[in-house]
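Colleague: Take a look at this one; I'll ask things after.
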Amino acid sequence: MKDLSLNELKQGLKNKDFSSVELTQYYLNQIKDLNSQINAFITIDEEKSIQQAQQADQLISKNHFSELTGIPIAQKDIFCASSWKTTCGSKMLDNFYAPYDSKVVDLFNKSGAINLGKTNMDEFAMGSSNETSYYGVVKNPWNLDFVPGGSSGGSAAAVTSGMAPAATATDTGGSIRQPASLCNLTGLKPTYGLVSRFGMIAFASSLDQAGPIAKTAEDCALMLNVMADFDERDSTSIKRDKENYTQSLTSSIQGKTIGVPKEFFNNELNQDVKIILEKVMQAYQSLGVNFKEISLPNSQLSVPVYYVIAPAEASSNLSRYDGVKFGYRASNYKDLEEMYLKTREEGFGDEVKRRILVGTYVLSAGYYDAYYLKAQRIRRLIADDFIKAFTQCDLILAPSSPSTAFKIGDKTEDPVAMYMQDMFTISTNLAGLPAISAPAGFINKMPIGFQLIGNYFDEAKILNFTHQYQSISDWHKHLPGGVL
Ligand code: GLN
């Protein structure tokens, strides 16, 4: 069961090979067997999931099918889901039950999908390793001594270990693509504004974007068909006709051009990663794709620019956690000010505090022009580089992560080394562009992905190119062994 695609699960439900209750129970049992070792889920509610599955079975018995009727999907614990606890990986929200559904959860409910549980994540989505969660480290199912990537490490670990067929995730600087790369999965970060952020707990609002993590491009396309929808409750949601992302998966890509940025493929690129990417290029060449060297001259500045803009926005977004309206409140305080101070001191973890401090600093009078404004100017230059590049190619190839997964604890003392994990992913968030990471091979038995970046709203093209690669390669079919 665990290697079936979403389409195969759909077909199985249609043919009555199994019911939605049986399917959901299968995944809940997988979670029972594996979660104590992997820690991919924060909240599981068997009763609620089974109840939803029973409703789906009733629809199925009447032959009423929507996009994902009866299929269990894991939800990153950043998405509010009414009557489910929503923690965002933080002690601050350990007691938080949202009174409403996020748009993403609402769309999955409407598509007939079953909520399988809420997945672990770095606290407030700040991290690249899933080590900052209040609920503990998530382990990489490919080797339990290694990180699964972050911040959507719980979603990635759940899917690659067979605890869920697919999961939602979010990507502010790489949090869909980097864990996908480290866990042998396909993860798509859509164009900024394609998926509503309503009810998705905010980290850095101008960068945050939700997307799917699944085994294949085909599964991601099915998920995106559900997730991409205009929402008037998100002022950055973009109104456009709904697309069918599965339609063009099989179109020929012969004669198309992929750009190769010379700044990413330089001597600093890990040799093993380079070899893997060259093999990806050969596969595309066999499909009739041409390669062209392009330049993204400002991309090297993307990590420092991001670590000004993202903390600035985070410091503003996280000011709402003051112990007054919802979330954690310290118990011993003598006046209002001490209540604020103790609540934030006790409720936030170290990485979140670091971001709030940096963010407040770069926004403060006297430093705003020197840091924040300058970062915004460079952000524009980074986006302009991409716009220029897309006049010469259809998509851009890049590494997804600088290396395979690293050992738990290896980078926790060195925040800059941790931040560099996203050196190949962050520029697309700054530009608002869509990008995917898909399995490309293994180095020392650990998986690694490649990245394809597209122009605005080129999700269908990205999925098409990835699906074509997956139809002539089988990296995405490999499953972790070991304890599993
Ligand atoms: N690793 C980056 C950070 O720590 C990106 C996280 C994300 O995409 N949510 O901010």
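Colleague: Which residues, counting only those in the range 202-239, are within 16 Å of the ligand (Cβ to nearest atom), over 27 Å from GLU8 (Cα atoms) and touching a Leu at 6+ places or on another chain (Cβ under 8 Å)?
Modeller: LEU207, GLN209
Colleague: Can you go through ASP394, ASP414, ASP385, ASP458 and tell me which one is without any contact (Cβ under 8 Å) to a residue 24 or more places away in the chain and either surrounded by fewer than 24 Cβ atoms within 10 Å (Cβ to Cβ) or under 18 Å from GLY150 (Cα atoms) (or both)?
Modeller: The match here is ASP414.
Colleague: Looking at (1) within 12 Å of the ligand (Cβ to nearest atom); (2) outside any helix (DSSP H, G or I); (3) open to solvent by less than 10 Å² (accessible area, probe 1.4 Å), which is the only condition ALA164 fails?
Modeller: Only one criterion in (1) within 12 Å of the ligand (Cβ to nearest atom); (2) outside any helix (DSSP H, G or I); (3) open to solvent by less than 10 Å² (accessible area, probe 1.4 Å) is unmet by ALA164, namely (1).
Colleague: Something else now. Just give me the residues in the range 254-279 being among the polar types (S, T, N, Q), open to solvent by 80 Å² or more (accessible area, probe 1.4 Å) and closer than 12 Å to ILE396 by Cβ, in sequence order.
Modeller: Correct list: empty.
Matching residues to (1) assigned to a loop (DSSP other than H, G, I, E, B); (2) open to solvent by 40 Å² or more (accessible area, probe 1.4 Å); (3) under 30 Å from SER401 (Cα atoms):
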residue	(1), (2), (3)
SER49	no, no, no
LEU68	yes, no, no
THR87	yes, no, yes
ASN95	yes, yes, no
LEU107	no, no, no
GLY112	yes, no, no
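Colleague: Something else about it: For the range 56-66, give me each residue that is assigned to a helix (DSSP H, G or I) and out of contact with any strand residue (DSSP E or B) (no Cβ under 9 Å at 6 or more places or on another chain).
Modeller: Those that are assigned to a helix (DSSP H, G or I) and out of contact with any strand residue (DSSP E or B) (no Cβ under 9 Å at 6 or more places or on another chain): ASP57, GLN58, LEU59, ILE60, SER61.
Colleague: In addition: Within the set of pairs 6+ apart or on separate chains, which have a first residue in the range 159-172 that is under 30 Å from ALA310 (Cα atoms) and among the hydrophobic types (A, V, I, L, M, F, W, C), a second that is assigned to a loop (DSSP other than H, G, I, E, B) and within 13 Å of the ligand (Cβ to nearest atom), and C-beta atoms under 7 Å apart?
Modeller: ALA169/SER152; ALA169/SER175; ALA169/ILE176
Colleague: Please go through the range 71-103 and pick out each residue that is over 24 Å from SER129 (Cα atoms) and either among the hydroxyl-bearing types (Ser, Thr, Tyr) or within 17 Å of the chain's Cα centre (by Cα) (or both).
Modeller: Answer for the range 71-103, where residues must be over 24 Å from SER129 (Cα atoms) and either among the hydroxyl-bearing types (Ser, Thr, Tyr) or within 17 Å of the chain's Cα centre (by Cα) (or both): SER82, SER83, TYR97, TYR100, SER102, LYS103.
Colleague: For the range 153-161, check the following and say yes or no: at least one residue is under 22 Å from ASP45 (Cβ atoms), open to solvent by 10 Å² or more (accessible area, probe 1.4 Å), among the polar types (S, T, N, Q) and at pLDDT 95 or above.
Modeller: no
Colleague: Still on this model: Could you list, in sequence order, the residues of the range 304-329 that are in a helix (DSSP H, G or I) and under 17 Å from CYS88 (Cβ atoms)? First the steps, then the outcome.
Modeller: Quick first cut of the range 304-329, residues in a helix (DSSP H, G or I) only: 304-320.
Selection gives ALA310, PRO311, GLU313, ALA314, SER315, SER316, ASN317, LEU318, SER319, ARG320.
Colleague: Show the residue pairs meeting these rules: Cβ distance below 9 Å; 6+ apart or different chains; first residue within the range 349-370 and closer than 21 Å to MET121 by Cβ; second residue part of a helix (DSSP H, G or I) and of a type in the set (Ser, Thr, Tyr).
Modeller: Short answer, once both residue conditions are applied: ARG355/TYR307; ARG355/SER315; ILE356/SER315; ILE356/SER319; VAL358/TYR307; VAL358/SER315; GLY359/SER315; GLY359/SER316.
Colleague: Being of a type outside the set (Lys, Arg) and either open to solvent by 10 Å² or more (accessible area, probe 1.4 Å) or under 30 Å from THR360 (Cβ atoms) (or both): is that true of GLY187 here?
Modeller: Here the answer is no, as GLY187 does not meet what is asked.
Colleague: In addition: Does PHE424 count as under 23 Å from ASN267 (Cβ atoms), within 16 Å of the ligand (Cβ to nearest atom), surrounded by fewer than 24 Cβ atoms within 10 Å (Cβ to Cβ) and of a type in the set (A, V, I, L, M, F, W, C)?
Modeller: It is false that PHE424 is under 23 Å from ASN267 (Cβ atoms), within 16 Å of the ligand (Cβ to nearest atom), surrounded by fewer than 24 Cβ atoms within 10 Å (Cβ to Cβ) and of a type in the set (A, V, I, L, M, F, W, C).
Colleague: Would you mind listing the strands (runs of 3 or more DSSP E) fully within the range 181-261 where at least 1 residues are closer than 20 Å to ALA157 by Cα?
Modeller: 186-189, 209-214
Colleague: Scan (1) under 14 Å from ASP322 (Cα atoms); (2) in a helix (DSSP H, G or I); (3) open to solvent by 60 Å² or more (accessible area, probe 1.4 Å) for the single condition TYR333 breaks and write down its number.
Modeller: So TYR333 meets the others, but not (2).
Colleague: Counting only residues that are more than 15 Å from GLU8 (Cβ to Cβ) and without any contact (Cβ under 8 Å) to a residue 60 or more places away in the chain, how many does the range 66-81 have?
Modeller: The qualifying residues number 2.
Colleague: Taking the stated definitions as given, is VAL159 more than 11 Å from the ligand (Cβ to nearest atom), under 29 Å from GLU346 (Cα atoms) and of a type in the set (Val, Ile, Thr)?
Modeller: No; evaluated as a whole, the condition is false for this residue.
Colleague: Cβ contacts < 7 Å: first residue over 18 Å from PHE406 (Cβ atoms), restricted to the range 116-136; second residue open to solvent by 20 Å² or more (accessible area, probe 1.4 Å) and near the ligand (Cβ under 8 Å from one of its atoms), any location; separation 6+ or different chain. Result?
Modeller: Correct list of pairs: GLU123/GLU351.
Colleague: Now for a separate question. In the range 117-142, which residue that is more than 8 Å from the ligand (Cβ to nearest atom) and among the acidic types (Asp, Glu) is nearest to LEU479 (Cα to Cα)?
Modeller: Among residues in the range 117-142 that are more than 8 Å from the ligand (Cβ to nearest atom) and among the acidic types (Asp, Glu), the one nearest to LEU479 (Cα to Cα) is GLU131.
Colleague: All but one of (1) more than 16 Å from the ligand (Cβ to nearest atom); (2) out of contact with any Cys (no Cβ under 7 Å at 6 or more places or on another chain); (3) open to solvent by 20 Å² or more (accessible area, probe 1.4 Å); (4) of a type in the set (S, T, N, Q) hold for THR343, so report the exception by its number.
Modeller: Here THR343 clears every test but (3).
Colleague: In the range 280-303, what count of residues is obtained for those that are part of a helix (DSSP H, G or I) and either open to solvent by less than 10 Å² (accessible area, probe 1.4 Å) or without any contact (Cβ under 8 Å) to a residue 40 or more places away in the chain (or both)?
Modeller: 7
The values are calculated or read from the model by the stated rules, or taken from the named source; none is laboratory data. Bear in mind that the values here come from a model prediction, so they are computed numbers and not experimental data. For neighbour counting, all protein chains shown are included, and Cβ atoms are generated from backbone atoms with ideal geometry for every residue, glycine included. Accessible surface areas use protein heavy atoms only, side chains included; no ligands, DNA or RNA. Shrake-Rupley method; radii C 1.70, N 1.55, O 1.52, S 1.80 Å.
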